[in-house]
């Protein structure tokens, strides 16, 4: 199947696996969402974050993954939420099956674009919170800010950082991200 059909049913991961592999899709509550290609700025930010996180995690049990990498947020129930965060960290290797993360990763990072900002700030925010993603970072290249969302008692507590801050990664004791390097052009 090259494209999902009309919205006549609630799709699942099994359906998602049959879709055109030349396009990137996410599945949110059974509804398909076609993803756009990232911009040059987006890629620079993603690469720098990947570099800093991978350097810290070398030899440690947690792993960082970059999109496209499927995350099946509710694989144990409806299996109708499949996302591809820009970056994610998984500390429990039993959640990895060789091609995706099954269940909530420990941390997700989304880098906003004009096309995804609303979706990432609202839809994915609620989805990650409900799934139990412990830490969710929302990076805004336009305002050069980072919104850190930490899950406490089932709700995200938010903190904002600017482009010259050094930010602790709450799930990785001793890891700090230099935002000056992240936003450097």
Query raised in the report: Taking segment 82-97 as the search range and keeping residues that are free of Cβ contacts under 8 Å to residues at least 24 places away in the same chain and assigned to a loop (DSSP other than H, G, I, E, B), which one is farthest from residue 11 (Cα to Cα)?
Result: 92
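Inspect segment 12-32 for any residue being under 26 Å from residue 170 (Cα atoms), at pLDDT 95 or above and surrounded by fewer than 16 Cβ atoms within 10 Å (Cβ to Cβ) and give the result as yes or no. Talk me through it step by step, then tell me what you get.
Of segment 12-32, the ones under 26 Å from residue 170 (Cα atoms) are none.
Looking for residues that are under 26 Å from residue 170 (Cα atoms), at pLDDT 95 or above and surrounded by fewer than 16 Cβ atoms within 10 Å (Cβ to Cβ), one finds none in segment 12-32, hence no.
Quick one: in segment 43-59, of everything that is in contact (Cβ under 8 Å) with a residue 60 or more places away in the chain and out of contact with any helix residue (DSSP H, G or I) (no Cβ under 8 Å at 6 or more places or on another chain), which residue is farthest from residue 14 (Cα to Cα)? Write out each step before concluding.
Step one: filter segment 43-59 for residues in contact (Cβ under 8 Å) with a residue 60 or more places away in the chain, giving 44-46, 48-49, 52-53, 56-57.
This time we only want the ones that are out of contact with any helix residue (DSSP H, G or I) (no Cβ under 8 Å at 6 or more places or on another chain), so: 44, 46, 53, 56-57.
Working: 44: 33, 46: 29, 53: 32, 56: 35, 57: 32 Å.
The selected residue is 56.
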Query raised in the report: In segment 53-73, how many are crowded, with 18+ Cβ neighbours inside 10 Å and more than 15 Å from the chain's Cα centre (by Cα)?
Result: 1
Report summary line: Taking first residues from segment 61-81 that are at positive phi and second residues anywhere that are crowded, with 21+ Cβ neighbours inside 10 Å and assigned to a strand (DSSP E or B), the pairs with Cβ under 7 Å that are 6 or more apart or on different chains are 79/72
Query raised in the report: Which pairs have Cβ atoms under 8 Å, sit 6 or more apart or on different chains, and link a residue in segment 140-164 that is free of Cβ contacts under 8 Å to residues at least 40 places away in the same chain and at positive phi to one that is assigned to a strand (DSSP E or B) and surrounded by fewer than 17 Cβ atoms within 10 Å (Cβ to Cβ)?
Result: none
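Is segment 106-128 home to any residue that is over 25 Å from residue 158 (Cβ atoms), in contact with a strand residue (DSSP E or B) (Cβ under 8 Å, 6 or more places away or on another chain) and free of Cβ contacts under 8 Å to residues at least 40 places away in the same chain? Break it down stepwise before answering.
Let us first name the residues in segment 106-128 that are over 25 Å from residue 158 (Cβ atoms), namely none.
No: zero hits.
The values are calculated or read from the model by the stated rules, or taken from the named source; none is laboratory data. What you are looking at is a predicted structure, and each value in this text was computed from that prediction instead of being measured. In this analysis, Cβ positions are derived from the backbone assuming ideal geometry, glycine residues included, and neighbour counts consider all displayed protein chains.
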